[in-house]
Structure formats: C-alpha cells, structure tokens
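The values are calculated or read from the model by the stated rules, or taken from the named source; none is laboratory data. As the structure is a prediction and not an experimental result, all values here were calculated from the model. Neighbour counts run over all protein chains shown; Cβ positions are idealised from the backbone, glycine included. Protein only, heavy atoms only, side chains kept; ligands, DNA and RNA dropped before computing areas. Shrake-Rupley method; radii C 1.70, N 1.55, O 1.52, S 1.80 Å.
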Amino acid sequence: MISPCPRYSPTGKDCPKLPPGESLDYSMSSPLGYNEPLCKHTTPWPTPAAEWTAGQSVTVKLAPGGAPHGGGHCQFSLSYDGGKTFVVLHEILGKCFGQDDSQRDFTFTLPSGLPSSEKAVFAWTWVNAIGNREFYMNCADISIKGSGSSYTGKEMVIANHQGYPNIPEFSGNYQTGVDLYKSAKDITVR
C-alpha cells in the first residue's frame, strides 16, 4: 500500500514523520511473519497519514508491479481500538487485483455512519491465491470525521497467521476460503 501511507513506509505518499526510535520498513510488500503482530508495526504515526470523512469516496493505492500470486481475497478495514479489532469497509473475494491481476487502485465509499476518531487504523489485508500460504497486511493511521456513535459490520478475516485458520492454495477454485469470509461475525466499533 502506498496511499494512505502505511506505517514506516519509505515509498508511501504524504507520509508523516517517523515516530522517535523507529526506522523505515523496506519490506512493505512482504507478508506478515507467522508470529508477527498484526499491522507489523505497533507504534502509530505521530499524526494521521490521511483525513477521511464518513460517506465520502476514498481511493486506496497499492504500489505498481509486484507479484499478484493469482489474486486472492482482500479486505479494507478500520479499527477504533488501536488495531485490536477491525471492521470491514470493503472486500474483494477471488480476484483481488482484477481479472488480469493489474488493478492497484481501489475506490469505495466509506459508510456514512462511521464515528469520528483522530486515531483510527486503516488496514488492507490480502490472502493470496497461489503460492505459499501467507497473510499480507499494511496499516495506516488515519483520522475520520463522522457523526455516528458506533458502526457495525463484518469482522476482518485473519488467515494463514499463527492462531488463525489456514486457507489452502486455490488451485483454480476462487471460491476457496470464501466461506470463512461469508461467515465472519458482526462486530461493533466505537
């Protein structure tokens, strides 16, 4: 992810200043290690990387190129508790990067009932279709202007990571793992 700028990215757009004592992460396109914490970096940017408004259309940009691993499932989610729980705002199941694996910009409308927060955490997550069973996650610290007091939606799926279900390689069946996404419980964030 390059926009909004993920934590510690050396190539993100409009990145805040690094937190004291932290270093740039030159492995932004690598999956999370099996036991790495969600978001990979747990110390947030000192200021938001983006300012969003509930109900507006936003575009999330991924770096061009890379290995799309045949697509897979991706979600765009939001946390109001520092990255402990994430509610899904948008998801693409099966062909995350489009039919020809070239899509890198994703535009969707934020729910109009989102609550305000100066310290929300936005996450892009991806379970690849082909290759090693991996879980990719980039997180960006953002502010949200909204009028809701809470928002309820599906909980973000975590897979192929320590303590979570494993989704096997798709082997051409892009419905692989969809049941896990469809059966995710509803959660409420505030």
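The table for this structure:
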item	result
Lone unmet requirement of (1) farther than 16 Å from Cys74 by Cβ; (2) among the charged types (D, E, K, R); (3) in a loop (DSSP other than H, G, I, E, B) for Asp179	(3)
Enumeration of residues in segment 78-103 that are farther than 16 Å from Thr59 by Cβ, open to solvent by less than 10 Å² (accessible area, probe 1.4 Å) and either part of a strand (DSSP E or B) or touching a Phe, Trp or Tyr at 6+ places or on another chain (Cβ under 8 Å) (or both)	Ser79, Val87, Gly94
Looking only at segment 141-180, and only at residues there that are crowded, with 19+ Cβ neighbours inside 10 Å and among the charged types (D, E, K, R), the one that is farthest from Pro46 (Cα to Cα)	Lys154
Test result for Ser57, in contact with a strand residue (DSSP E or B) (Cβ under 9 Å, 6 or more places away or on another chain), in contact (Cβ under 8 Å) with a residue 40 or more places away in the chain and open to solvent by 60 Å² or more (accessible area, probe 1.4 Å)	yes
Candidates Phe170, Phe108 - the one that is among the aromatic types (Phe, Trp, Tyr) and within 16 Å of the chain's Cα centre (by Cα)	Phe108
Pair list, Cβ < 8 Å and 6+ apart or interchain, from segment 137-151 residues that are touching a residue at least 24 places away in the same chain (Cβ under 8 Å) and assigned to a loop (DSSP other than H, G, I, E, B) to residues that are hydrophobic (A, V, I, L, M, F, W, C) and open to solvent by 10 Å² or more (accessible area, probe 1.4 Å)	Gly146/Ala54; Ser147/Ala54
